[in-house]
Amino acid sequence: MNQRDKLILKYADDLANKFNVEPDLELLKRVTIALGPSIYNRDSGNISSSEESELERVKQKFMIEKLGLDPDEDLHTPIVSILETYGRTHRTKYRAVVYYLLVKQFGKEHVYR
């Protein structure tokens, strides 16, 4: 099993145990692959819930540019909700997990097909 596959299993475990979500492993794999080598870096592979600039980056680069969501829509609340479910004190908030949940929440699975 390669390193990416091990990370995908970690992400699936987080989805199941922290969010009570049975993950679509194929979609999770595609979201993870789209993140590229950033998943292997501790800093870029995680999302900092305490940095407003990080949340703005997720909104702009991922939700608006990648998923094609309307910038006038309230996109901040779904990010914050996911991060709060993860737990503010929980240091490891995997970017792939957050992105996967946003894709599912907004019904944008077709972006990864």
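The values are calculated or read from the model by the stated rules, or taken from the named source; none is laboratory data. Keep in mind that what you see is a predicted model, and the values were worked out from it rather than measured. Note that we place each Cβ from the backbone using ideal geometry, even for glycine, and neighbour counts take in every protein chain shown.
Below, the figures for the structure above:
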| item | result |
| --- | --- |
| Output for the stretch 64-84, where each listed residue is loosely packed, with under 14 Cβ neighbours inside 10 Å and in a helix (DSSP H, G or I) | GLU65, THR77, VAL80, SER81, GLU84 |
| Residues satisfying the stated conditions in the stretch 49-63, i.e. surrounded by fewer than 16 Cβ atoms within 10 Å (Cβ to Cβ) and either more than 15 Å from THR92 (Cβ to Cβ) or not hydroxyl-bearing (Ser, Thr, Tyr) (or both) | GLU51, GLU52, SER53, GLU56, ARG57, GLN60, LYS61 |
| Condition met for LEU15 (touching a residue at least 24 places away in the same chain (Cβ under 8 Å), surrounded by 12 or more Cβ atoms within 10 Å (Cβ to Cβ) and touching a Lys or Arg at 6+ places or on another chain (Cβ under 7 Å)) | no |
| Number of the exception - ASN46 against (1) touching a Lys or Arg at 6+ places or on another chain (Cβ under 6 Å); (2) at pLDDT 95 or above | (2) |
| Residue among ARG30, ARG57 that alone is in a helix (DSSP H, G or I), touching a residue at least 40 places away in the same chain (Cβ under 8 Å) and among the charged types (D, E, K, R) | ARG30 |
| Leading residue by the ranking (surrounded by the fewest Cβ atoms within 10 Å (Cβ to Cβ)) among those in the stretch 18-48 that are among the β-branched types (Val, Ile, Thr) and under 18 Å from GLY107 (Cα atoms) | VAL21 |
| Residue tally, condition among the β-branched types (Val, Ile, Thr), at pLDDT below 95 and closer than 20 Å to LEU7 by Cβ, over the stretch 86-113 | 1 |
